[in-house]
Amino acid sequence: MCDKPLPVVAALGLGGNLGDPAHAMATALQALNRREDCSVIAVSPLYRTPPWGKTDQNDFLNACALVKTTLDATALLAACFQLERCMKRERLERWGPRTLDIDILLYGDERIETEELHIPHPRMLERAFVLKPLADIAGDWQVEGRSVHRWLAQCDSGDIRLSSENGEQSWWQMPSPL
């Protein structure tokens, strides 16, 4: 008899500022949700955010999602990278423009430090563009001894706005106009 892995809830951060990032994020979330080993259980509204790190580029659209998965964290990362490639993501420069970026922010209560994966995601606790949408769907999740809500209260989130494209949490389930 083969034991099935127990599902874990992972928090993902999604963003992009090239092409149609809302479409790219929705396509990626729908693809994850179609997998037998993943189920999207919550998605934040879309937020329009100024660029971070490299500021001479277009604003980003950002969102967060909770995914229940039986994939281990490394396999989930590989699935996210595959989705980025499908959306024509090119990794040309750090913090540069992109069609789609998917980061694993949290994977259950695990702490993971490998060459390719750090969980909790490094710098997530100082980035309002991550904490604001994450607080919408997992505000009580404890990270480094504090809730996401408390971490967000320590960040300047004044320049983060709900996207005029769709402030609904079901934006990702809308059929594509294409």
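Rounded to whole numbers, the Karplus 3J(HN,Hα) couplings from phi for the stretch 129-142 are 5, 8, 5, 4, x, 5, 5, 5, 10, 8, x, 8, 4, 8 Hz, using 6.51 cos²θ - 1.76 cosθ + 1.60 with θ = phi - 60°, and x at Gly and Pro. For a paramagnetic label modelled on residue 82 (point 7 Å from Cα along Cα→Cβ), amide N atoms under 15 Å away belong, within the stretch 1-40, to 28-39.
With a 10 Å Cβ neighbour count serving as the proxy for reagent exposure, in which order, fewest first, do 143, 67 appear? Present the calculation step by step, with values, prior to reporting the outcome.
Values: 143 20, 67 27.
Listed from fewest to most nearby Cβ atoms, that is 143, 67.
In order along the stretch 102-109, phi translates into HN-Hα couplings of 10, 10, 7, 7, 9, 9, x, 9 Hz, rounded to whole numbers, per the Karplus curve 6.51 cos²θ - 1.76 cosθ + 1.60 with θ = phi - 60° and x for Gly and Pro. Near residue 98, the amide H atoms lying under 5 Å from its own belong to 17, 18; only residues 5 or more places off or on other chains count, and H is placed 1.01 Å from N. Inter-label distance, residue 109 to residue 140: 1.5 nm, where each label sits 7 Å from its Cα along the C-beta direction.
Listed from fewest to most Cβ neighbours within 10 Å, the set 155, 64, 38 follows the order 155, 38, 64.
Where in the stretch 106-145 does the label zone of residue 75 land, with the point 7 angstrom along Cα→C-beta and an amide N cut-off under 20 Å? Zone members listed by number: 106-119.
Just so you know, all these numbers are worked out from the coordinates, no wet-lab data involved. Because the structure is predicted, anything quoted here is derived from the model rather than measured. Here the Cβ is made from the backbone with ideal geometry for all residues, glycine too, and neighbour counts use every protein chain on show.
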